[in-house]
Amino acid sequence: MKQILSLSLLLYFFFLSSCKNTSREKEAYSKTFEPTWESLAGNEIPEWLMDAKFGIYAHWGVYSVPAYETEWYGKRMYQIGSSIYEHHLKTYGDPSVFGYKEFIPQFHAENYNPAEWVDIIKQSGAKYAGFAVVHHD
């Protein structure tokens with residue numbers, strides 16, 4: 001988990017420093033947004049984002065442990081008859097006994113190298129990046 005946080009912070013500061021905000025954009029960031037379409041529609045998309053054209057979002061989480069078919073493993077392993085359910089049954093046993101939460105202690109990220117990820121993202125030409133670390137989990 002410390003490594004995931006390290007990468008997130010590294011990426012955040014890298015891309016934050018590479019974005020030149022106008023005073024108008026800085027003012028927009030200080031506004032309070034309400035959970036309505038009207039509130040969102042009243043605000044402009046930052047110029048740097050409009051000019052960026054290319055960014056990268058990655059999904060990485062506990063579902064990487066079984067690494068089978070999809071990041072929706074945690075949901076589909078409980079859907080009787082699905083290919084993931086059948087795989088889970090054969091590989092780990094009944095999901096009621098070996099559930100999704102059993103994968104959590106196995107998620108070590110031992111080969112995780114945040115500096116390498118930043119280099120790859122920079123070399124790709126991406127202007128922004130982000131991680132969905134709790135998309136399903």
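The values are calculated or read from the model by the stated rules, or taken from the named source; none is laboratory data. These figures come from a predicted structure and were not determined experimentally. Counting neighbours? That spans all protein chains shown, and the Cβs are built from the backbone with ideal geometry, glycine included.
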Number of positions in the stretch 76-109 that are in contact with a helix residue (DSSP H, G or I) (Cβ under 8 Å, 6 or more places away or on another chain), closer than 30 Å to Gly55 by Cα and part of a loop (DSSP other than H, G, I, E, B): 2
Residues that are of a type in the set (A, V, I, L, M, F, W, C) and modelled with pLDDT of 80 or more, drawn from the stretch 21-39: Trp37
Can you tell me which of Tyr112, Tyr128, Tyr73 is hydroxyl-bearing (Ser, Thr, Tyr), touching a Pro at 6+ places or on another chain (Cβ under 7 Å) and either within 30 Å of Trp48 (Cα to Cα) or touching a residue at least 24 places away in the same chain (Cβ under 8 Å) (or both)? Tyr73
For the stretch 97-124, how many residues are modelled with pLDDT of 95 or more and surrounded by fewer than 10 Cβ atoms within 10 Å (Cβ to Cβ)? 3
